[in-house]
Each structure stands twice: as structure tokens, then as C-alpha cells.
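Here is the structure we will look at.
The values are calculated or read from the model by the stated rules, or taken from the named source; none is laboratory data. Model, not experiment: these values are computed from the prediction. Ideal geometry is used to build each Cβ from the backbone, glycine not excepted, and the neighbour counts take in all protein chains shown. Ligands, DNA and RNA are excluded from the accessible area calculation, which covers all protein heavy atoms including side chains. Shrake-Rupley method; radii C 1.70, N 1.55, O 1.52, S 1.80 Å.
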Amino acid sequence: MRLSLGIKLGFWLALLGAGSTALTGYYVYDRSRNLLIQSSQEKLLTATQVLAQRFSGSLKNISADVGFIASLPLVQQIAGEPVNSASLRSQEKQLADIFSGLLAARKDYLQIRLIGTANHGRELVRADRLGKDGEKIAVIARGDLQEKAYYPYFFETLHLPAGQFYVSNISLNQEIGAHYAFDKPTIRLAMPIRSQDNVPFGIVVIDVDMQDLFDKLSANLPPALKILLTNHEGDYLINPDPAKTFGFDRGRQFLIQNDLPEIKPLLAGKIKQAMLKQANGKMLGFPSLMAFMRVPFGGINQQRYAILGLYTPLESVLADSKVLGLSVIQLTLLFIALATLIGLALARALAKPLNLMAQTVRQHVLGDPLESLPVERNDEVGDLARSFNAMTGRINEQMSAIQAAETRLQTQIDRMPVGLIVWDQDFRVMTWNPAATTIFGYTEAEALGKHPYEFIVPYEAKAAVDEIWDRLLKGGLTAQSVNENITKDGRTIICDWTNTPLKGPDGITTSVLSMVQDVTERKRTEFSLRLAASVFTHAREGIIITDASGSILDVNDTFTQITGYSREEALGQNLRTLNSGRHGPEFYAAMWRDLTSKGFWDGEIWNQRKNGEEFAEMITLSAVRDADKKTLNYVALFTDITPMKKHQQQLEHIAHYDALTNLPNRVLLADRMQQSMLHSQRSNKSLVVAYLDLDGFKAVNDTRGHNIGDELLITISQRMKAALREGDTLARIGGDEFVAVMVDLEQPQDYEPLLARLLKAASDPAIVGDTVLQVSASIGVTLYPQDGADADLLLRHADQAMYQAKLAGKNCYHLFDVAHDTAVVTQHESFERIRRGLEQREFVLFYQPKVNMRTGAVVGAEALIRWRHPERGLLQPAAFLPIIENHLISVTLGEWVIAEALAQMAEWQEAGLYLPVSVNIDALQLQQENFVERLSALLVAQPDVNPSQFELEILETSALEDMTQVSGVMQACHEIGVRFALDDFGTGYSSLTYLKHLPVKLLKIDKSFVRDMLSDVDDLAIVEGVIGLAAAFHREVIAEGVETTAHGTLLLSLGCELAQGYAIARPMEGADLPGWVANWRPDAAWKTS
Amino acid sequence: MIKLPDKYSRFIFLFLAFLGLGASPCASANEVLRVLAWDGYADPEIVHTFERQSGATVEVTYVNSDDDLWNKLKNNGRDYDVFAVNTAELQTYINHGLSVPIDMGDISNHAQQLSRFQNYATIKGLVHNGKTYAVPYAYSEMGLIYNRKLVKHPPRSIAAMWAPEYRGRVLAFNTSNHNFTLAGQFMGVKNPFRMTNAELNKAARELVKLRRNVLTFYKTTEEATAWFKKYNVALVFANYGTQQVKALRDAGADIGYVIPREGALAWLDCWAISSGAKDRKLAESWINYTLGKSVSERLTTVHGLANTITPFPESSPSDKIIWLEPLENPSRRKALWDKILSGDPIEAF
């Protein structure tokens, strides 16, 4: 409600009047109340004093009566009479009459007695009042008299001086008698009686019913006054609660000092009276005023006293002050009414001109002049009116300016490209510009008055927004935030908010201005970019981004790790910086061609690191193009595959080079020969193939040992290689056999110096360790294309020529005679001899056991052919197999070996020995079209033999010659159960991938490696490699040539458990094998290794 | 403790709450344990500590007599959870079903009680049908006080009270029940708590003889002390036991205190749980708490009563203590005693 100035003034005036009246009234009331209490207490004390007087007065009357009896001559006579005398009876009767008379006169007396000391204080004369109301008084018969010596009133009185009296405590009467007062409050007053010779005779005692006295004490008190009485200990004798009276006589004390500690000084005798105001009503249950007095009683030598108190409820005392209070209130109300009336009248007079002004101003329209103000008045109101007029003029001018500015501002706000929202203090929309509508979809009309949580802020963001809002309201500075918001059509967008608190002149934030932009697209793009950047940075591939000219724009960390170039060093450089120079221009041309046509290129490139080291990388180059197919960038992803390449090179080297001399082996030789032959054809120049065999080398080996022999081989091979020219090839194809391929020879004479140098290189003394050794070479030579054979035949021809050179005395060379081909004739005769040997059963099979060195199991036996030559004795295969190599008779011999081995197996089985047997098979035989059929037939001929127990060992070199066919045959054999082992593994192969495709169960490590692995690290590496390969390809592996225990131990430590060799058993005849199997035990060292 | 009107307690509660001293956050914060006990058995300090430990509020009501106790509990015990009662009175409460068995498993401090209180079965009335109904808490025995200046050799028997050499210098207590029991002991009856009428009459005659030998029968300790000082008293029957010894010594008396060979009568106050207890576990927790050493010792140090945990000074485990038992006929004893006290001669009995 609006309160006018007049009403306010009137109110305050009225309030002032009322307040002062009320305060005065209260003061009067309070003062009068205190005076009332004070006077009441004084009245109370006076009343108490009166009562005390009454109490003392009563006791004085009794003591006078006791004194009267004690002084009776009759009593003295009784005291002097002998016991049981007749006169005594009469005197006692007289005394009893006196007692009765006195009892009749004094209504509060209960009992009057004469008690003697004799017979335990037996009563002598006693009169009792029988009933409280009645006048009946009984003199107690002699037989009913009681003993009282143990009562204090007796033994205390007895010893008093004559004439003094004893006053007992007031206590409940516990003496059963004729009187009515058992268990009633009783006081006893007594005096001693002495005989004439001053001997204590007894006492006179009057028992007084205190209840009566108490009743008398209270009798004339106004109803509001109540009485309290205690003995000197504080025990209640009179108390409104009957349970508390005489507690000490009932076994439970109730003391006034426990209820009213203020009473203690009175009990202690320090004060004689006390006035108390117990406002809390703790003791009596209501607030009260109290007055207490110490009332002495008792004889001269006794300090007996009682505490007498009166109390009255405070309420009754204050009843009068209530009336006074009411009067004060009435008076106050009257004054308030009067003050209000005066105030209102005054206010009306003051407010009239002001009201007129207010009305004028209210009706005034801005822009118009202000009229009809009381400007003519010559007082404060007139001043006010004139000031108003002046102010209105100024306001009107400013209003026009403000309106113009507002229009401009509104136009700007409407055109602003960013959303502009102003929030009031309650966080509700005050201003909402068209850009905000564009962002959120809500029109200004829809948005006004809305709280952001009602429409654009998702519930989850509430806490964050609240925090920002609080900070702004508390006067925080501009807050910038990026939030998710919701549009009218329910889309979630990301907005960039800039919120600025707008403060009033008092510095308090009155509203908040928010500028908002929809940054959803930008944020999404940023996210994609961040993701891409993260991939870029953390990729395990090196990444290079260049511009269209190949100039590096960016690289990642992996790039730096691989190339050694830091990002800073790389930026701006061309990709070419990394070129190693290994690849020719055509390589790069092809690469760019692909890149241009297909948009990408992948492959392997050798590049150069910052430190100059070359490295191989697997790289994918992609062109990044714009919509017009114009290349903008190139992106290269590459991985460092150098370690892989190095490993591959190592394996290839092993595959193509002789481990001992590092010369090309037979495989590489074949390749070189092929190439050289092609080259020869193209260049029309001759090619010389020289087959070298060292003379006397075996003797060196036998006498000096393998190590020395190997050293010698290395020395000679190096010298011979040095003797040849660049482009020539020297290969080692066997123990002491070498082949030199010399190219580009125009004249036959051209090779002669070369051959001479070779002979010299071989025959020059060599120093191995501290020994000088000398061997020589026999060289067989053939020329291509003069000898128009294939590579193999060229070699064989050279071999034959070498044989001729040997025959010719060694340390010389012999040229193959193409025209006569004498070697062929010799060979033919040998074929015939071998065929005859077959027919005459001169060939036998020896068996060498294969064992598991660790378990001691005999896992099989290899069948080895021997020729029991009638003239030359037992011939090793080397003596006759080379002759029939690549000849059909070798097939016949091979079949005989298979049949013989199968027969032997059947024979052993009958003897109880089931042992797998392997035979060596020639590539030529394997290539027979009907090989599988024939093998099947041979197997069928021995139905007891399980084909899976039969194994074919094939030279890896031969397996590789016609991979496709051999692989097919092997597969077919595998299907009928026959297993394959790859013999002489490690001596020659080109690619590991082939191994994967061959159905080979077992790899046999060539004895040349096994034999020397203890001393030759290269051989050891090969053995390790083969074992590793076998494991990698899940093939079994067996080592041949295990000649000593040490070989076996080393093999076991490398993981190869299967072995054969002299250390286990030499090849033996079939009949001997069962016995050997039964007795063989592996070396103890193997079991523990 | 003074029971405050509701409005005051509410005000005090608010005031305490304002000071942050209000109800503790314990689970049992709203639980109230209503204890009915004799003055000194649950003084404010003890109560306050228990309230702090348990989180419960303790309301203590004091009784001033056996009758008072009976009146307060007879309403099926609904108004109280735990009460203190002596062994003689306990039987009445058990018989009326007002006392329920106590789970001694919850009274772990029982193990600390003196050997005299280890086997409750030896204290008549505590155990019924194998169930324990009360846990001893405080006791006081009524021995003999003698004046060292007058009595050369400490009296060994209660017969000393009848001895002619002390005539007029003996203080006996003004009570019917104990005096008859005392006389019974003096007479050597089998059970001084349960005497035949003939025995009671004989005891009355003996009490008359006693009356003739005493200075007077006192009622309060203060009274006895006053007589002792004024009349050269030789022997005092110490109805108030060790409290009385202390009072006399405080007054400067040179006295000794003995337990007569017939055995000193003793009242034994125990905690019992009312059948109307709201939370028996809380009541047991209170009982166990009062048997704590510090709480029980306060009975001795502050109130001069013997407790069941620590031996009373000057006492000996071999002292013969006879716990009070229900009497055969209290009103008969009272009637006889009133006659004796009134001074009826011996022929009247």
C-alpha cells in the first residue's frame, strides 16, 4: 500500500506519542509492583513474627505448668517416700488427680507423668488424654505403666539442675499409651525431681500435641498465607506436603536446606530472619514470597530453636498490580488515539500543495512544457515547483537525443552479424536480435522473457552455465565460453559465447550482454584436423607431405627417427634430398609415371639418411588432387625395411656363395655361366670354362687336418681369384674343386696366360700358420661356343679334360677335345660295367642308423649303396655314381635300391625290428613320368611295409631344377604315404619360398657344415640357420656327419636332436643292424646336454 | 534431580542446541533410559558420561523408601527401565513379575566384581530358575562400633550389646526389622529372617533386655554422633555401616569397627530391569556401565558405600556378611517393636 507523506508523518507522530506514554506507564507499573512486593514481604515477616511470638508464648505457658507440678510439695513427698508404702499410693492418686485436672484445663496437653529413675525409668503417675475432642482423661493403672529410661527426655532431664526445664524436639509420638496421639507430632517439656538429699529421683513431663498448636498457629492466617516449620536440623515439621513432615521419624529425612539453600545462614544462626522471593517456584510449584524466622525455645541450658516460615503465592501479591497495569494500558491507548488525530491533521495541511504538484507531474507528457505548478509560492514548495519546470525542459531535450541514439542502436543490433542477447538479473531474455534468431531459430517474440534452460541450453550444460552466470553476477569480467546449444528445431549446435556483465552506477551487475556465434562447422573441421594431426604425429610410418613440386611441407616424428633429419631441416627441402643414388633416372621416371597416371605409387626405394647411411624403405606415394584433378600435394608413407633387406641379402649370400672361401657356389656358378653364355653369344666372343682340381690336397687334409686344409683352400682361392680379371668368375663346387669362367676372349691364345696364372696361383707355396705348404692344380678347359654344349655339359667336358690333365701328370691344363670326345667313350664302357654289376648282384646296400641323441631312440636308417667290385673291392658311390649321372641306368639302379631297401625292411620286420628306411633318389629318376606308379608297384610288392616308414632323400639342388614337376611328383608320393627328406640341405638353393611349397618332412644338414661347425663360425651359422629354418617351416631336421661326441653336444644345444654319423655308427650291412639297435646307447654327455 | 516443567526443558534443549551442545548424532540419540534409584547411585556426573557414551538420554528418578519404590513400580513397571532394589525387597518384585531376567552376557564387567559377588547363586534371591534377576551394585553392612577409650578388646560378638558392663552406654538403632534379626542372631536361631512366633516373642524379651542396657535408640547418624560425644558411649550398632564410622571419626571419636562373629547384616542394592523396560539392551548397557571401576568407586569415595568392584578399606574377605532376606512377618515385628519402644515391661511379651 502506498503511504502518503501525511500518513507517514501522522504515523511517526502517533508512534512517538504512544511510545513515550507506554514507557511512562510501564515505569509506573513496574515501580508500583516492586513496592507492592516489598510491602508484602514486610507484611509477611510481620505475620511470621506474630506467629513466632504465639509459638514461644505457648511453650512458655507449658513450661510454667511443668514448673508448677515440679514444685508441688506432693511431688517432693512422693520422692521421699519409700517404695510400696501405703501413703505413697495415696499421694500418687492425689497427684494423678492433679494431672487429670490440668489435662482438662489444657486441651493440647496429651499426657502428664511422673517418672522415677527406679525400674528402668518406670512411670509412677500418668494421666492420658483419651481423645482429641473429648474431655475423657484416664489415669493409667499401675500395671500398665511403662519404662522410659532410654528416652532422651528422661535421661537428659534427669541431670538438669533443679528448677531448669527440658524441652524435647518435636517428633512423632512413638509411645503407645492410652492417649490418642501415637504417631502425632509431640513436644515434651520436663523438669527433674530430686529427693530431699538432692539425689535425682525422677522427672515430671508434659507431652503436648503439637498438631493442635500447629493448627492454632495457622488458624488466623489469611487464605493466601501458608506455614512452614522445621526443627533446628531443618527437618520439616509442617509442610504442605504431608509426606515430607517428620521424615526423620519415618526413616527418611527431608530437609528445608535441600529445598531452599538460602535458609542455611538462618539454620546456622548467622541471621535471625530471612525474606525470600522464589520466582521460579522450584520448591512449592509456584512463584512465591517467603519470610522465615528463627524461633528459640527451650530451657536456659538448651539452644533449641525452630524455623518458622510463612509464604504466599506471588500471584496473589501481584493481583493489585494487575489492576494498575490495566489502567496504564487504557491511558496509553487514549494517548495514542489523540496523537494519531493530531498527526493526521498536520499531515493534511502539509501535503496539500505537494499533492497538487504530484498530480500535475503525473499528468505531464514528456516533451510538453510543465504547467500549473504552484511556482508563485514563496516557500520550499514554490522552489520545488520552479526546479521541476527547469528540469522538465532539460529532460525534454535529452529525451529527443536519447530516442535518436536508441533508433541507431536498434538498427545496429538488428544488423549485427553475431547474435546479441541481453539477459536480465533473473537470467531472462531482454533483448534478442535477428542474428540470434538465425542461430537458434526462435523469433524475438518467442525468446523474450525466457530463461536459457527453457529453450537453448541443454540440461547437461546447466551446471557449467550456472557457474558462468554466478561469476558474471558477482561482478566477474567478460566470460568467454564455447557451449553446446539447442536450436528450435532440435539440432545441437556449438556456439561461441562472449558474455559481458552490464553494471549499474552502483557497480552491481544489472544485466548481461551475450554475443553468440554458431561455430558448429568450424569446430567439426577443427576436430577432423586434430584427428588427422594426431594420426600424422603418432603414425609408425614416416610421413612426408610435399607441395606439387616435391618441396617438403611437413614431416612427422617417425620421419625424423628414420631419416635423422629434424622437421626443421626437412621443411622446404626437395624429396630428392633423400636419394641414395642407387636407383637410376629411369626408376624415378617410372615412379613418376605411375604417380601421375594412377595417383599413387608403392614399392621399395633405397634412400639415404642424414648420416649418409643408406636405408631401404617400403613407400607409398600418393598425389593429393583438388576437384580439377590438379595435384596440390604429395603424401609419402614409408617404413624402414633395411633390417629385412639386410637379412635377405645375408640369406642370398649364403645361398650363392661358398661359406669357406666366399667364392660363388655351384648355384651362382650356373647362373653366371648362363649369363656369360648369353653374353658370349651377343658379343661373339669366346667363353672359357676351366675345371680345377687341386693335386695333393687330400694329403694335406689327411696329414695336417681339416683346419689347415681349409686355410690352404682360402689362401689358394684368393690367389686364383686375384689371378683372374674383373668380370671373370671363380667358383668352388666341391672340396678341392673350382671352376673358373672367363669371358670376352677373342683369341684362343688369350686364355693361356690366364690359365698359367691360375696354375701358378695354385702351385705357389702357401704359408698357413707356421707351415709352408705346396699343392698344384690340374685344369680341364673347354671353350664356348666352340664346345656347343649346355652349361652342365660344358662343366662335364671341362671335368673330363681335367681328368686328362691329371693323367698327364698334374699341375697342367688340358683342353677338351671336341672333335674326339674321348671322355664319352670311356664313360660308355663304365655304363656297361655298372649294368653288368647290377645283373651280377655286385651292388649292396649298407645302412647307417639315424638316432635321437637326446632320447636314445633309433629313428631310422639311411640306405647307402656300395659296389662290391670283383677287382677293385668295395667301392664308394663317388666312384661310380657320377658316371651314370643323368643316364637312364641310374634310374634302373635307383629302382633296385628302392626294392632292395623295402625287402630289407620286410626282413627286419619279420625279425621284429620296425625301422623307417630312407634311400637317396636321383632327380632324373624322380622326373620319370611313371615314377609314382613304379614306386607304388614296388611298395605293393612288399605289402608288410608301411609306406609311411619309407622315405626318399632328394638332393635339394636336383629338386630345384624343375620345380613344378618335381613338386608334383613329390606331392603324389606324399599322397601314397611316402615321405621326403631334403638331402645336403644348405649346399644350394635360391629361395626359401620354394621350401614352403615342397612336401618335405625332414631337412638334412649337409655333413660338410656339421663336420666343421666346431671350428668354423660360418658353418656354425649355417647349421643354426638350417635348424631355425626347419623350426620356422615346421620341418624336422637331422644332421649328418656327426663324427664326435662334441658334434652331438653342440647340435643338441642348438635344438637339433636327430643325427647320423660316425660318432653314432658307420654304415653297416642290413644283417648287422638289429644287433646294433639292440645294443646302442647314446653318449652320456648328450643325455645331460 | 528436579523435574523441569516441559516448557523449560524445551527451552534448555533449544539453548543447548544453539550452543552446539545438543543431541549427539548417535543412532540412539532419541532413546531414553529411565532409571529409578536411590540418591547417590546415579549422580549427574555418572549419568552425563553414560549419555555421552551411549547417545541415549537418561532420566533419573529418586526413591526415598522401599514403599516409594514399590509405589512407583507397581504400575507394571511401565514407567521405568532399570531400578535399584535390595535383595530383601527384590523377591517381591520377581514374584509380581515386575522384574525380568538379565542377559549376563551383556554384563561383561561382572568378571571384575569381587570374589564375594562372583557366584550370584550364593547370594539368596538373585537367581531364579537359573536366570539372573539382579546385579549387585552397592552394599553396606551393619557392624559394631566400639569406643577405643572404653573397650579394651574389640568385641567379637553382638552379645556385647547386652553386656551389663556397657549398661547405659550402648546405642542401638530404632528399627523393628533389624533389631529382631539381631536378637535372632544373638539367640542363635537357625534363620534370623524367618523366626517362629515363639522365637519372635523370645526375641522381643531379649530386645527389652537390650532396651534396658542401651542409652537410647537413635534414628540418624547425626543423632548417634551427638549421643556418642555427650554420654561416653561404648558400643554402637552401626546401622549406617561404614558411613557412620566415617561420621564418628570426622567428629573426632576414637573408635574401632568390627564385624561380629555371628556375621554382620548387610543390605545389598542391586540393579534390576523392569518388566516394562523399552530397551532391555540399553538397560543392560547401563548396568554394565555402573560396574565400571571408576563409576563403582564413586560409591565409596563420594558416598561412603561399599561397591562390588574394589574392596572396601579395612574390610576383609573373610568377614561374615549376611545379606538381608525377606522377613517372615514384618508387621508382627513392627507391632512388637512399637510395644518395646513404648517401654512395656518384659512380662508383657
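Out of the total accessible area of the stretch A:580-705 (probe 1.4 Å, heavy atoms of protein only), what percent is carbon and sulfur?
Values: 3540 of 6810 Å².
Heavy-atom surface of the stretch A:580-705 belonging to carbon and sulfur, 1.4 Å probe: 52 percent.
Counting only other chains, and only Cβ atoms inside 10 Å, what mean value do you get across the residues of B:64-70? Don't jump to the answer; show the numbers that get you there.
Details: counts 8, 5, 1, 3, 2, 0, 0.
The shielding value for this peptide is 3.
What share of Cα pairs, in percent, lie more than 39 angstrom apart in chain B? Spell out each step's value before the answer.
Details: 12781 of 60726 pairs.
That fraction is 21 percent.
Just to confirm, what accessible area per residue do you get for chain B at 1.4 Å probe, in whole Å²? Walk me through the numbers on the way to the answer.
On the way: 15630 Å² over 349 residues.
So chain B comes to 45 Å² accessible per residue, rounded to a whole number.
For chain B, what does the relative contact order come out to in percent, with C-alpha contacts under 8 Å and a separation of six or more?
Working: 582 pairs, mean separation 91.6, N = 349.
So the answer I get is 26 percent.
On a 0 to 90° scale, report how tilted helix A:751-763 is relative to the longest principal axis of chain A, with both axes built from alpha carbons and the result rounded to the nearest 10.
Its long axis makes an angle of about 60 degrees.
Hey, if you put +1 on the Cβ of every Lys and Arg and -1 on every Asp and Glu Cβ in the protein assembly as shown, which of B:ILE102, A:ASN433, A:TYR26 ends up farthest toward the positive end of that dipole?
Result: A:TYR26.
Which angle from 0 to 90°, rounded to the nearest 10, does the C-alpha axis of helix B:177-187 make with the longest principal axis of chain B?
Approximately 50 degrees, to the nearest ten.
Taking the solvent-accessible surface of protein heavy atoms with a 1.4 Å probe, what is the per residue accessible area of chain A in Å²?
Working: 54450 Å² over 1089 residues.
Result: 50 Å² of accessible area for each residue.
Mind listing P(r) for the stretch A:619-737? All alpha-carbon pairs, 5 Å bins, whole percents.
All Cα pairs considered, the percentages come to 2, 9, 13, 14, 12, 10, 8, 6, 6, 5, 5, 4, 2, 2, 1, 0, 0.
When only Cα pairs under 8 Å and 6 or more residues apart are kept, what is the percent relative contact order across the stretch A:495-592? Walk me through the numbers on the way to the answer.
On the way: 103 pairs, mean separation 15.3, N = 98.
Dividing the mean separation by the residue count of the stretch A:495-592 yields 16 percent.
From Cα pairs below 8 angstrom and at least 6 apart in sequence, can you work out the relative contact order of chain A, rounded to a whole percent? Intermediate values should be presented prior to the final figure.
Numbers: 1851 pairs, mean separation 57.1, N = 1089.
This gives 5 percent for chain A.
What is the mean projected area of the alpha carbon convex hull for the stretch B:196-313, to one decimal in square nanometres? Display every interim value, and only then the final one.
Details: hull surface 44.0 nm².
Averaged projected area of the stretch B:196-313's Cα convex hull equals 11.0 nm².
With point charges of +1 on the Cβ of Lys and Arg and -1 on the Cβ of Asp and Glu, referenced to the Cα centre of the stretch A:354-427, which listed residue (A:THR360, A:ALA385, A:ASN396) lies farthest in the positive direction of the dipole?
Positive-most Cα among the choices belongs to A:ASN396.
A drop of at least 50 square angstrom in accessible area, chain alone versus all protein chains together, probe 1.4 Å. Which residues of the stretch B:328-349 meet that?
In the stretch B:328-349, residues shielded by partner chains: B:LEU341, B:SER342.
Straight-line reach from A:LYS523: which lysines have Cα under 30 Å away, leaving out those fewer than 8 places along the same chain?
Partners within reach: A:LYS450, A:LYS462, A:LYS488, A:LYS629, A:LYS630.
So what J values fall out for the stretch A:517-524 if you push phi through Karplus, 6.51 cos²θ - 1.76 cosθ + 1.60 with θ = phi - 60°, rounded to Hz, Gly and Pro as x?
With the stated coefficients, the stretch A:517-524 comes to 10, 7, 10, 4, 4, 4, 5, 5 Hz.
Please report the projected area of the stretch A:436-487's Cα convex hull averaged over all directions, in nm². The partial results should precede the final answer.
Details: hull surface 15.7 nm².
Over all viewing directions, the stretch A:436-487 projects a mean Cα-hull area of 3.9 nm².
Within the stretch A:719-770, list the GluC sites (Glu not before Pro) lying in a DSSP loop whose Cβ has at most 15 other Cβ atoms in a 10 Å radius. Walk me through the numbers before you get to the answer.
Numbers: sites: A:GLU726, A:GLU737, A:GLU746; in loops: A:GLU726, A:GLU746.
Of the GluC sites (Glu not before Pro), the ones in loops of the stretch A:719-770 whose Cβ has at most 15 other Cβ atoms within 10 Å are A:GLU726, A:GLU746.
I need the peptides A:847-854, A:911-918 ranked by packing, meaning the mean over residues of other C-beta atoms within 10 angstrom, with the highest value on top.
Details: A:847-854: 22.6, A:911-918: 16.2.
Highest-to-lowest ranking by the protection proxy: A:847-854, A:911-918.
What aspartates and glutamates sit close enough to A:LYS93 to cross-link, taking a C-alpha to C-alpha distance under 18 Å and skipping anything fewer than 8 places away on the same chain?
Those aspartates and glutamates meeting the cut-off are A:GLU81, A:GLU123, A:ASP128, A:ASP144.
Could you run the Karplus curve 6.51 cos²θ - 1.76 cosθ + 1.60 with θ = phi - 60° over the stretch A:57-73 and give me ³J(HN,Hα) per residue in whole Hz, x for Gly and Pro?
Karplus values, whole Hz, x for Gly and Pro: x, 4, 5, 4, 4, 5, 4, 5, 5, 4, x, 4, 5, 4, 8, 5, x.
Less than 12 Å Cβ to Cβ from B:LYS230, Lys/Arg counted +1 and Asp/Glu -1: what total charge do the surrounding residues give? Don't jump to the answer; show the numbers that get you there.
Details: positive: B:ARG169, B:LYS229; negative: A:GLU156, B:GLU223.
Neighbourhood net charge equals 0.
Starting from the residue with the highest accessible area, list A:GLU484, B:GLU284 in decreasing order, probe 1.4 Å. Can you show the working numbers first?
Values: A:GLU484 105, B:GLU284 5 Å².
Accessible-area ranking of A:GLU484, B:GLU284, largest first: A:GLU484, B:GLU284.
Going toward the positive end of the dipole of the stretch A:686-753, with +1 on Lys and Arg Cβ and -1 on Asp and Glu Cβ, which of A:GLN747, A:LEU724, A:ALA699 do you reach last?
Selected residue: A:ALA699.
Mean-square fluctuation check for chain B, GNM, Cα pairs under 10 Å: which of B:VAL82, B:VAL302, B:VAL214 is largest?
Ranking B:VAL82, B:VAL302, B:VAL214 by mean-square fluctuation puts B:VAL302 first.
Which residues of the stretch A:112-142 bury at least 50 Å² of accessible area once all protein chains are present, versus their chain alone (1.4 Å probe)?
A:HIS120
Could you give the semi-axes, largest first, of the ellipsoid that matches the stretch A:154-272, computed as the square roots of 5 times the alpha carbon gyration tensor eigenvalues and rounded to whole Å?
Values: eigenvalues 186, 66, 40 Å².
Semi-axes from the Cα gyration tensor: 30, 18, 14 Å.
Can you sort B:CYS270, A:CYS812 by solvent-accessible area, 1.4 Å probe, largest first?
Working: B:CYS270 0, A:CYS812 35 Å².
Correct descending sequence by accessible area is A:CYS812, B:CYS270.
Using r as the Cβ-Cβ distance of A:ALA1046 and A:ARG835, and R0 as 56 Å, what FRET efficiency do you calculate, to the nearest 0.05?
Working: r = 44 Å, r/R0 = 0.78.
About 0.80, to the nearest 0.05.
Give me the inter-chain shielding for A:149-158: mean count of other chain Cβ atoms within 10 Å, whole number please.
Whole-number average of other-chain Cβ neighbours for A:149-158 is 4.
Top mean-square fluctuation among B:ASP39, B:ASP250, B:ASP79, Gaussian network model of chain B, C-alpha springs under 10 Å?
Sorting by GNM fluctuation, first place goes to B:ASP250.
Need one number: nm distance between label points at A:GLU406 and A:LYS630, each 7 Å from Cα along Cα→Cβ, rounded to one decimal.
Calculated label separation equals 5.6 nm.
Can you list the HN-Hα couplings for the stretch A:397-410, worked out from phi with the Karplus curve (6.51, -1.76, 1.60; θ = phi - 60°), rounded to whole Hz and with x for Gly and Pro?
So the Karplus estimates, Gly and Pro as x, are 5, 5, 4, 4, 4, 5, 4, 5, 5, 4, 4, 4, 4, 4 Hz.
Strictly over 28 Å apart at the Cα level, which of A:LYS60/B:LYS229; B:LYS152/B:LYS230; A:LYS270/B:LYS229; B:LYS74/B:LYS131; B:LYS74/B:LYS339 would you flag in this model?
Numbers: A:LYS60/B:LYS229 30 Å; B:LYS152/B:LYS230 20 Å; A:LYS270/B:LYS229 25 Å; B:LYS74/B:LYS131 22 Å; B:LYS74/B:LYS339 32 Å.
From A:LYS60/B:LYS229; B:LYS152/B:LYS230; A:LYS270/B:LYS229; B:LYS74/B:LYS131; B:LYS74/B:LYS339, over 28 Å: A:LYS60/B:LYS229; B:LYS74/B:LYS339.
How far is it, in nm, from the label point at A:TRP1076 to the one at A:LYS60 when both lie 7 Å from their Cα along the line to the Cβ?
16.0 nm
Using amide H atoms built in the peptide plane, which far-off residues or other-chain residues are under 5 Å from A:ALA224 H to H?
Answer set, sorted by chain and number: none.
Go through B:GLU262, A:GLU910 and list them by solvent-accessible area, largest first, probe radius 1.4 Å.
Details: B:GLU262 40, A:GLU910 165 Å².
Per-residue accessible area, sorted high to low, gives A:GLU910, B:GLU262.
Taking 0.36 nm per residue of separation and subtracting the Cα-Cα distance, what length does fully extending A:ASP1018 through A:VAL818 add? Don't skip to the end; give the middle numbers.
Details: separation 200, 0.36 × 200 = 72.00 nm, distance 4.04 nm.
Stretched out fully, the A:ASP1018 to A:VAL818 stretch lengthens by 68.0 nm.
With a ≥ b ≥ c the root eigenvalues of the C-alpha gyration tensor of the stretch A:67-135, is it rounded (a/c under 1.5), prolate (a/b larger than b/c) or oblate? Display every interim value, and only then the final one.
Details: a/c = 2.15, a/b = 1.82, b/c = 1.18.
Verdict is prolate for the stretch A:67-135.
As a test of the definition: which semi-axes, in Å, follow for the stretch B:152-253 when you take the square root of five times each eigenvalue of its alpha carbon gyration tensor? Largest first, please. Numbers along the way, then the final one.
Details: eigenvalues 121, 39, 30 Å².
Taking √(5λ) for each Cα gyration eigenvalue gives 25, 14, 12 Å.
Rg and Dmax of the protein assembly as shown, Cα atoms, in Å?
70.1, 207
Semi-axes of the stretch A:887-928's equivalent ellipsoid from the Cα gyration tensor, sqrt of 5 times each eigenvalue, largest first, rounded to whole Å?
On the way: eigenvalues 128, 17, 6 Å².
Output for the stretch A:887-928: semi-axes of 25, 9, 5 Å.
With Rg and the Kirkwood Rh both taken from Cα atoms, where does Rg over Rh land for the stretch A:707-844? Mind dumping the intermediate values first?
Details: Rg = 17.4 Å, Rh = 16.7 Å.
Ratio of gyration radius to Kirkwood radius: 1.05.
What is the projected area of the convex hull of the Cα atoms of the stretch A:307-349, averaged over all directions, in nm²? Don't skip to the end; give the middle numbers.
On the way: hull surface 15.7 nm².
The orientation-averaged projected area of the Cα hull of the stretch A:307-349 comes to 3.9 nm².
Whose amide H sits under 5 Å from the amide H of A:VAL818, counting only residues 5 or more places off or on another chain, with H placed in the peptide plane?
Close amide H contacts, sequence-distant or interchain: none at all.
Mind pulling the angle between the C-alpha long axis of helix A:963-975 and the longest principal axis of chain A? Nearest 10 degrees, somewhere in 0 to 90.
So the helix axis and the longest Cα principal axis differ by about 70 degrees.
Give the B-A buried accessible area in Å², both sides summed, 1.4 Å probe, nearest 100. Present the calculation step by step, with values, prior to reporting the outcome.
Details: alone 16620 and 55450 Å², together 70080 Å².
What B and A bury together is about 2000 Å².
Distance cut-off 21 Å, Cα to Cα: go down the list A:LYS721/A:LYS1007; A:LYS107/A:LYS184; A:LYS148/B:LYS334; A:LYS698/A:LYS810 and report the pairs above it.
Numbers: A:LYS721/A:LYS1007 26 Å; A:LYS107/A:LYS184 15 Å; A:LYS148/B:LYS334 19 Å; A:LYS698/A:LYS810 14 Å.
Pairs exceeding the cut-off: A:LYS721/A:LYS1007.
Would you tell me the mean number of C-beta atoms belonging to other protein chains that fall within 10 Å of each C-beta in B:208-217, as a whole number?
Numbers: counts 2, 0, 1, 4, 6, 2, 2, 4, 7, 3.
So the per-residue partner count for this stretch is 3.
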